[in-house]
1. Using a Förster radius of 56 Å, what is the FRET efficiency between Val96 and Thr399 based on their Cβ-Cβ separation? Nearest 0.05, please.
2. Under the 0.36 nm per residue contour assumption, what length would be gained going from the current alpha-carbon distance of Val293 and Ile16 to full extension?
3. Mind listing the long-range amide H neighbours of Thr210? Cut-off is under 5 Å, sequence gap 5 or more, other chains count too, H placed in the peptide plane at 1.01 Å from N.
4. What full-extension length gain, to one decimal in nm, is calculated for Arg308 and Ile154 as 0.36 nm per residue of separation minus the Cα-Cα distance?
5. Tell me, what is the FRET efficiency for Val375 and Gln346 to the nearest 0.05, using R0 = 30 angstrom and their Cβ-Cβ distance as r?
6. Can you compute the FRET efficiency between Ala386 and Val28 using 1/(1 + (r/R0)^6), with r the Cβ-Cβ distance and R0 = 60 Å? Round to the nearest 0.05.
7. Check Leu231: other-chain or 5+ apart residues with amide H under 5 Å from its amide H, H built from backbone geometry?
8. Considering amide H positions built from the backbone, and no H for Pro or chain starts, which residues 5 or more places from Arg242, or on another chain, come under 5 Å of its amide H?
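The values are calculated or read from the model by the stated rules, or taken from the named source; none is laboratory data. Quick caveat: nothing in here was measured; it's all calculated off a predicted structure. Note that each Cβ is placed from the backbone with ideal geometry, even for glycine, and that neighbours are counted across all protein chains shown. To get the accessible areas, we keep the full protein, side chains included, count just its heavy atoms, and leave off ligands, DNA and RNA. Shrake-Rupley method; radii C 1.70, N 1.55, O 1.52, S 1.80 Å.
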Amino acid sequence: MTSRWQWFVRLLLRRIWFRAALFSIFSVGLALLAAFVAPFVPYTISTKIGSDAVDNILEILASSMLAVTTFSLTAMVSAFSGASSTITPRATQLLVQDATAQNALSTFLGAFLFSIVGICALSTGIYGKSGRVILFVGTILVIAIIVFTLLRWIEHLSSFGRVGSTIEQVERVTKMAVEQSGFRVRVTVAEVDRATTGRSVFADEIGYVTHVDLGALTGLAADEQCPIDVLVSPGTFVTPQRRLATWQRPDTDADAAVRDAFTIEHRREFDHDPRFGLIVLSEIASRALSPAVNDPGTAIAVLGAGVRVMAGFLAASDEAESDDDASGRVRLPDLLLDDLLEDLIQPIARDGAALVEVAVRLQHAIGEMAALAPVAAHGAFARYAAESLVRSETAMTFTPDLDRVRAVYRGYWGASVQR
């Protein structure tokens, strides 16, 4: 897991205003650079550039880039609104942080500012003939960047904010969260309380844990010669009565340093919170299964993505040899298999119980995930498969449809199901 400062920088780079400001500063600097580089341009080159060439190009850029920027901003807002109403509001976090959309908007805004600053500087006469050459070269460079960005943006608009693309984005960030969280992802069926003794460090805010600075905790544990038990993982909702960690240090002098290693925000983030990705996937499926949308195909696509994500969880579980970090001084909580299955399966089983195509695919998904899991975990999968079957038996009124679901269930679990 990244340090707290690396985490802060990563969040800053994802802010749309930061990228737009960075591109704008670069564009203004490029426009003003011509005045300082002008003395180094040979006079023979300066005479080949017409006096009105740069002025006309900059005027075209200024008028067109303002319109393109407005159009791009409108397209982004429409995608955000559409995702909130038809997919899930939680998915808009990924759309807002979309790098291609941010680069497009920032490039168009930067090009607009470049042309405005260039026109203003030309009107003051600070460039001269040599300066116009530099400004002309800079303008050609900006046009090339605009063309490349515009082509990428046009292609990206075909999928930006669409359900399928959003599912792929959620799947991708959830897989990354499993790999980059820094927690030894051990999928267990029952929670074990390892922190029954020791001094407790409590939260001082109300919100969700979004980041745990394991490097800072490891260094603190080494300095104090005292192991630290971390009791919460990213995504946990905490209050001042919730313990963040425990350790054996007798006094309270260093408790603040332990507390500072936990970042608490008002909303959950995808980066180090794999369970949040599973929750968002299930929300997308639930919205698709609502009577107003009635799109079982999306729920089936979510189940496919969920199986791939769970495969990552189970693979990480196989690689975890212990629940300690490399130094053995910071012990981390486990991710519980029951929690993961509840996040992904329960909403889909509830909302898709009456649809045979969803119920059948859900039984297949649970069975295939069980095949990837250790034998000791099969009981949890079997329980969720049985619960999903009971929901279908309650909701379905057409007997042949129910028989299909029962047949798939028996194929994986070999259990007799009463009619």
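1. On the way: r = 48 Å, r/R0 = 0.85.
It comes out at approximately 0.75.
2. 96.6 nm
3. Long-range HN contacts for Thr210: Gly235, Thr263, Ile264, Glu265.
4. 52.5 nm
5. Details: r = 23 Å, r/R0 = 0.78.
With R0 = 30 Å, the Cβ-Cβ based efficiency is 0.80.
6. 0.40
7. Those qualifying (amide H under 5 Å, at least 5 residues apart or on another chain) are Ala245, Thr246.
8. Ala203
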